[in-house]
Amino acid sequence: MYTIGINTFLFTSPFTNESVKWFSKFAEWGFDTVEIGLEEPWNVDPQLVKKALTDANLGCKTVCAAMGPDRDFRGDDEQQQTAMTYLKALLDFMETIGAEMLVGPLYSSVGRAEATPKDVYKEQEKTVVGHLKELAAYAQSKGLKIALEPLNRFETDFINTADQAIHLADLVGNDAVRLHLDTFHMNIEEKFQADAIRKAGSRLDLLHSCGCDRGIPGNDHIDWNSIRQALKDIDFKGQLVIESFTPEVKAIAKAAAIWRDIEASGEDIAVKGLAFLKTV
């Protein structure tokens, strides 16, 4: 049985000290881990979070970066520096609470999607690789990892597919750089999700698992049996995390274009999604 987690974005944003109240509920529902979506690490007490995790008997393997418009490794100098300061702060936070891997679209801000000329893209790529080399080295010095997540074309024009993420990781050339795939984004960008998983192979450490519409995994048209087989084929040792959103969490809903109730409630997504992932 894989380790199965829940991303906090489904219930709260921004994550604050008060957000730890959800940990006991996640554990009660049967989740093994929580993935913390952390917007402002400077405003959250890592010791308090660590204690809350222990009290709930809940693991936390991954922290998810929130790459806003001012955090962009291919942006202007200030955006690049802001991104680096933020991501290193997340790694510091993770070291304290015992998390293992920083995940998300670490390369650029979410929502920056434009027709970038190929020569400009190549220059941006060089800049991003330089920053990711520094970030990966910083993570490695702490015994941590970072994972690159492709996003769909409406959220970025930089890394949309597993092939592109693999290429970017190869350019960085550090074993601390892993891959992070998401069934929602793959449903838009990949010809076949199972093939993308097999390409990622042993470098895949996290699979965000949600329905094709961001709803309950299993309550959708995604071929989950082929995904299960692909994970078996690569001897997947990572974790599955349900990452979805509701209109109630307004900051995330706007960023992810959640304009309607996809399911009856966030609890439905979590509880029914967990039950499905355990059976499949």
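The values are calculated or read from the model by the stated rules, or taken from the named source; none is laboratory data. Keep in mind that what you see is a predicted model, and the values were worked out from it rather than measured. We place every Cβ from the backbone using ideal geometry, glycine too, and count neighbours over all the protein chains shown.
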Open item on the list: I need every pair where a residue in segment 1-22 that is surrounded by fewer than 19 Cβ atoms within 10 Å (Cβ to Cβ) and among the β-branched types (V, I, T) has its Cβ under 6 Å from the Cβ of a residue that is part of a loop (DSSP other than H, G, I, E, B) and at pLDDT 95 or above, sequence separation at least 6 or different chains.
Closed with: T3/D32; I4/D32
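With the requirement that a residue be part of a loop (DSSP other than H, G, I, E, B) and touching a strand residue (DSSP E or B) at 6+ places or on another chain (Cβ under 7 Å), what does segment 86-113 give you?
A99, E100, P105, L106, Y107, S108, V110, A113
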TODO: Hey, could you check segment 145-165 for residues that are touching a strand residue (DSSP E or B) at 6+ places or on another chain (Cβ under 7 Å) and part of a helix (DSSP H, G or I) and say which is farthest from N219 (Cα to Cα)?
DONE: A165
- [ ] Name every residue in segment 61-92 that is surrounded by fewer than 21 Cβ atoms within 10 Å (Cβ to Cβ) and farther than 24 Å from K126 by Cβ, in order of residue number.
- [x] A89, D92
- [ ] Would you mind stating whether W29 is free of Cβ contacts under 8 Å to residues at least 60 places away in the same chain and either in contact with a Gly (Cβ under 6 Å, 6 or more places away or on another chain) or among the aromatic types (F, W, Y) (or both)?
- [x] no
Open item on the list: Just to verify a result, which residue in segment 183-221, among those that are of a type in the set (G, A, S) and on the phi < 0 side of the Ramachandran plot, is surrounded by the most Cβ atoms within 10 Å (Cβ to Cβ)?
Closed with: S209
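Residues checked against (1) touching a helix residue (DSSP H, G or I) at 6+ places or on another chain (Cβ under 7 Å); (2) over 18 Å from G5 (Cβ atoms); (3) in contact (Cβ under 8 Å) with a residue 60 or more places away in the chain; (4) surrounded by 15 or more Cβ atoms within 10 Å (Cβ to Cβ):
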position	(1), (2), (3), (4)
D170	no, yes, no, no
R178	yes, no, yes, yes
L181	yes, no, no, yes
I227	yes, no, no, yes
W259	no, yes, no, no
E263	yes, yes, no, yes
A270	yes, no, yes, yes
Open item on the list: Can you tell me which residue is nearest to L277 (Cα to Cα) among those in segment 12-59 that are among the small types (G, A, S) and in a helix (DSSP H, G or I)?
Closed with: A27
Task: Filtered residue count, segment 98-133, keeping only those that are closer than 25 Å to A257 by Cβ, within 22 Å of the chain's Cα centre (by Cα) and among the aliphatic types (A, V, I, L, M) - done: 6
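Conditions tested, residue by residue: (1) touching a helix residue (DSSP H, G or I) at 6+ places or on another chain (Cβ under 9 Å); (2) among the basic types (K, R); (3) modelled with pLDDT of 95 or more; (4) closer than 27 Å to W29 by Cα.
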| site | (1), (2), (3), (4) |
| --- | --- |
| L48 | yes, no, yes, yes |
| A56 | yes, no, yes, yes |
| G59 | yes, no, yes, yes |
| P69 | yes, no, no, no |
| T82 | no, no, yes, no |
| A99 | yes, no, yes, yes |
| V103 | no, no, yes, yes |
| A113 | no, no, no, no |
